[in-house]
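Worksheet: the structure to be examined is printed underneath.
The values are calculated or read from the model by the stated rules, or taken from the named source; none is laboratory data. If you're wondering where the values come from, they're calculated on a predicted model, not measured in any experiment. Every residue, glycine among them, receives a Cβ derived from its backbone with ideal geometry; neighbour counts consider all protein chains shown. Heavy atoms of the whole protein, side chains included, go into the accessibility calculation; ligands, DNA and RNA do not. Shrake-Rupley method; radii C 1.70, N 1.55, O 1.52, S 1.80 Å.
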Amino acid sequence: MKLLKTSRKVHKWLMLFIGIQFVIWSVSGAYMVIFDIDYIHGDSLVVQHRDIIDDKQINFPLKQVLARYPQAESLSLGSFVKQPVYRFSHDGQQYMVSAVNGDLLSPITESQAKAAARYYYSGSGIITAAQLISAHPPSELSGRHLPVYRVNFDDFASPSLYISALSGKVVTKRHEFWRGFDLMFILHVMDYQDGDPDNKLLLVSSLLALFAAMAGLVLVYFKVFRKKVPGADGNSQNPVATQGQLNRESV
Amino acid sequence: MQYLKALHKWTSVVVGIQLLLWLISGFYFVIMDHQDARGSVYRVRPPVQQIDHQRLLEPGLILSRQQASVGLQQITLLGIPYYLLTHEQGLYRHFTNSYSLVNAYNGELTRINEAMASSLARSSYNGPGTVVSALRLAPPVADLPKEQNSVWQVNFDDDINTSVYLDAGSGHVIGHSNDDKRFADFFFMLHFMDYGSVKGFNNIQIIFFAVVTLFLSLTGFIWTINLIANGRYALPFVGGNKAIELIDKNDLSIGVRRISSRQTLLDGLIEHDIALPSSCGGGGTCGRCKIVTDPIVAVGAADKHYFTDHELALGYRLACQHKGAEVKRLKLLDVVNARKHQLILVGSEFISPSIKELRFKPADGSKLDYRAGAYMRFFIPAAKGCSVPLRLPEAFQPHWHHIEQLEYQHLACSRSYSLANYGGRQELVFTIKYQSAPNNRVLPGAGSSYLCNLEPGKTIEAAGPFEDFYALPGASVTAGAEQQQKKTRVMIGAGAGMAPLKALIYEQLEKLNNKEALYFYFGAGTEQDLIYYREFTELQQQYPQFHYLPTLSRASDSWPGARGYVQQGLKDKLTNMDCLENVEFYLCGPTNMMSETIAMLRACGVEAENIAFDDFSR
Ligand code: FES
């Protein structure tokens, strides 16, 4: 009986402080598990085009690229909206050069970014805005992708594609549900200090929550799994119902 | 609120264990070493090697010789430059991809074999182990549940069993795994309930549990808000007393009294010598301790039982069901003339195997006046109890043989007991039955065992006397009640239902000198249980108008008197009694005996107003 009483007290008091967090955990947790993560990640926002590189189009040989940019590193040959391009870094800078004629394509213009966005976007919405972000990225974008064009579409859940101004690739995409997910994740891990791995708040909360839940389980055990003990006196778990019975034990 | 609480309870049954797993694994994620959990303790970047740009073959040439590609990347593996051709590209690296690796200097197609995989793995590893095996695995791979491509697994014989994974097509190091990471993955599996599927945390079981948990936490949240609103979060240590404004029946303020927030209003008020009527002693079963307070005070089950919805809305509540912390103001409807007293136990004696006669005196030497049939409420402190009475007389020991001797702890409580004598005397006499437990899962009655085991000379607090059951008004009063003189009285008692009747009988005969006929039917089991037999027999000789009719249900052969149950004897008597309207009945005893008797009396035409009963089972 002592354990039951203590548990009830512990549960009641701890939940006063940690109860809100339980609600936050369960709401954010439910959000995150219910929405399909692939959808959340915007996988359905982009099409993975299979653009075969036609070797006959490559009129600008690698030799010439290397002659122009002797320190080129991480070389690759791919396509930018169907046109074959070389991509490489040189002196810590990203470059994109046309493999057809050797024109320097990077950084791309806004209209190129829009064209790329429309090409990769799987939906049918129209572009509402395109904006070059070269500093202070929004929280949903990692700084290492800068500079980048953010292209917004007028579509369900307001999707945005982020197109790198230097490589012309889709670096990331977002829509409202992903933004919601990001917020939920922050709430779920109580990361209110921007990615601080030493999250004392979460540590303390989860420890308190653990105690509160264990006390709750003790209550479940007593309330549900153990038969009621109708004490011959008022010390039972259900004082109203049983206390009266023998309250005046004798006269 | 009741449904909400039930929902809270049952949802916790469903998700309880998983919730604990979530919290334990979640807690583990906070305290775990993130470096270890990633498996990258022994992971290094392979050294960057200079390549000779002059010797690189033209990509266009390579593309024309190989199957169609969507991309070409110049990479270096183990110091040798390669062109990595991508033929199929998934949205993510772990999606199905297809690659070819071509030597960038000589255009030779290269396949990653066991030796190359081992060397590549070693170049990303700086631990103390050596390669023990390299295996080409097709998905699914236990350490990489999401991987959809073939991989090379290169195992090292270090202390934490590192395995390095390489993409079999590109030679790209996917990652390291080791015991630390596998341990962390185990917790991730628990947290995401991801038992063997590749749906990650979108699996059906977690969605189900998440929704149930949502209900659990929301109901708990509302419950907590409700508790706060009802003042149930009063700190037990701080502000132990709460100022409560008292208002009398006429809506006039009586002033402010401090009442302990943890005590019931019923017990708190008696501290100020304000006694509310109560016959159950705070059990919530008599419905008499009525007060009016703010309607926002939570309605308990007992309140609901005794008040109409309209009354509840007006703020009617039972004082014994609410704590000081819950109310700010309360209106007293009915105050009984009773106070709290310190009583000293002066005598304690067994009069049957399970009934004791206890004699108390007020500690201040005063005499309490009250009508016979009154009772007092004892405040039993929290204490250790014992299932078998202490200092049991030898003759009564066999009665207790079958009871297991055990000690138990009980909480403070209050219990009411009827007085066995009339008021204005030196002593307050009680006959208290030792309430043993029907089985060993139930504790014996805390009040009776505490009082019966109390040492003479010790004191205890009690409130009262409360007059609730007494000889009907007018009938017993001496002066100017001519017209009432003709009433015959029949007392019916059984078992432990002795005290108030005994007090009434002595009041009538000894104190009031009432000459009218007085019958006393008393039922018991055996001769041993027949308490005060000698006294009543003597009384019968002394007062001819008094008739004592004991009935035993389990009498020995030598018993000269009536056998069976009291009700039966009474029935015979009733049939030859005329003028039933001039007979008053007083009942006290076990519930069954009382309800049967009342039914029988009513059937014989006795008016309800002529039946008084003291239902001590309520
Ligand atoms: S004392 Fe409150 S209901 Fe009996």
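Checking each residue in region B:54-66 for being surrounded by fewer than 18 Cβ atoms within 10 Å (Cβ to Cβ) and more than 11 Å from residue A:55 (Cα to Cα) picks out B:54, B:55, B:57. Only residues that are farther than 23 Å from residue B:76 by Cα, open to solvent by 20 Å² or more (accessible area, probe 1.4 Å) and not β-branched (Val, Ile, Thr) were counted in region B:117-154, giving 12. Note on region B:307-326: among residues that are touching a helix residue (DSSP H, G or I) at 6+ places or on another chain (Cβ under 8 Å) and among the small types (Gly, Ala, Ser), the one that is nearest to the ligand (Cβ to nearest atom) is B:319. Residue B:268 passes all but one of (1) within 16 Å of the ligand (Cβ to nearest atom); (2) open to solvent by less than 30 Å² (accessible area, probe 1.4 Å); (3) within 14 Å of chain A (Cβ to nearest Cβ); which number fails? Result: residue B:268 passes all but (3).
What are the residues in region B:151-170 that are under 26 Å from residue B:99 (Cα atoms) and touching a Ser or Thr at 6+ places or on another chain (Cβ under 9 Å), if any?
Once the filter is applied, which keeps residues that are under 26 Å from residue B:99 (Cα atoms) and touching a Ser or Thr at 6+ places or on another chain (Cβ under 9 Å), region B:151-170 yields B:152, B:153, B:154, B:155, B:163, B:164, B:165, B:166, B:167, B:168, B:169, B:170.
Of the residues that sit in region B:294-306 and are open to solvent by less than 50 Å² (accessible area, probe 1.4 Å) and within 14 Å of the ligand (Cβ to nearest atom), which one is nearest to the other protein chains (Cβ to nearest Cβ)?
Ranking the candidates gives B:302 first.
Scanning region B:417-448 for residues that are modelled with pLDDT under 85 and in contact with a Cys (Cβ under 7 Å, 6 or more places away or on another chain) yields B:434, B:446, B:447. Listed by position, the strands (runs of 3 or more DSSP E) inside region B:498-603 whose residues that are under 26 Å from residue B:369 (Cα atoms) and within 14 Å of chain A (Cβ to nearest Cβ) number at least 3 are B:583-588.
Residue A:128 fulfils the conditions (1) hydroxyl-bearing (Ser, Thr, Tyr); (2) under 22 Å from the mean Cα position of the chain (by Cα); (3) more than 30 Å from residue A:77 (Cβ to Cβ) except for a single criterion, (2).
Any idea how many residues of region A:105-130 are touching a helix residue (DSSP H, G or I) at 6+ places or on another chain (Cβ under 9 Å) and without any contact (Cβ under 8 Å) to a residue 24 or more places away in the chain? Number of matching residues: 1.
Among the residues of region A:152-165, those identified as outside any strand (DSSP E or B) and either within 14 Å of residue A:176 (Cα to Cα) or open to solvent by 40 Å² or more (accessible area, probe 1.4 Å) (or both) are A:155, A:156, A:157, A:158, A:159. Annotation note: of B:351, B:380, B:344, B:355, the sole residue that is closer than 30 Å to residue B:406 by Cα and within 16 Å of the ligand (Cβ to nearest atom) is B:380.
Checked against the criterion of being part of a loop (DSSP other than H, G, I, E, B), away from the ligand (no atom under 14 Å from the Cβ) and in contact (Cβ under 8 Å) with a residue 60 or more places away in the chain, region B:272-292 contains one or more residues that satisfy it. Counting only residues that are over 27 Å from residue A:203 (Cβ atoms) and surrounded by fewer than 17 Cβ atoms within 10 Å (Cβ to Cβ), which one in region B:27-45 is nearest to the other protein chains (Cβ to nearest Cβ)? Of everything passing the filter in region B:27-45, B:45 is nearest to the other protein chains (Cβ to nearest Cβ). Residue check: residue B:171 meets all listed conditions (1) on the phi > 0 side of the Ramachandran plot; (2) without any contact (Cβ under 8 Å) to a residue 60 or more places away in the chain but one, namely (2).
The criterion of at least 2 residues that are surrounded by 18 or more Cβ atoms within 10 Å (Cβ to Cβ) and within 13 Å of chain B (Cβ to nearest Cβ) is met, among helices (runs of 4 or more DSSP H) falling completely within region A:37-151, by A:62-68.
Do we find a residue being more than 14 Å from chain B (Cβ to nearest Cβ) and open to solvent by 40 Å² or more (accessible area, probe 1.4 Å) anywhere in region A:194-210?
Within region A:194-210 (the criterion being more than 14 Å from chain B (Cβ to nearest Cβ) and open to solvent by 40 Å² or more (accessible area, probe 1.4 Å)), the answer is yes, since at least one residue qualifies.
Looking at B:312, B:332, B:318, B:345, just one residue is under 33 Å from the mean Cα position of the chain (by Cα), surrounded by fewer than 22 Cβ atoms within 10 Å (Cβ to Cβ) and modelled with pLDDT of 90 or more, and that residue is B:312. The set of residues in region B:103-152 being farther than 22 Å from residue B:47 by Cβ and of a type in the set (A, V, I, L, M) consists of B:109, B:132, B:135, B:137, B:138, B:141, B:142, B:144, B:151. Within region B:241-269, can you find the residues that are modelled with pLDDT of 80 or more, closer than 19 Å to residue B:380 by Cα and touching a Gly at 6+ places or on another chain (Cβ under 9 Å)? Across region B:241-269, the qualifying residues are B:259, B:264, B:265, B:266, B:267, B:268. A count restricted to region B:351-378 and to residues that are of a type outside the set (Gly, Ala, Ser) and open to solvent by 30 Å² or more (accessible area, probe 1.4 Å) stands at 7.
Total residues in region B:71-116 satisfying the condition of being within 60 Å of the chain's Cα centre (by Cα), more than 9 Å from chain A (Cβ to nearest Cβ) and open to solvent by less than 40 Å² (accessible area, probe 1.4 Å): the figure is 1.
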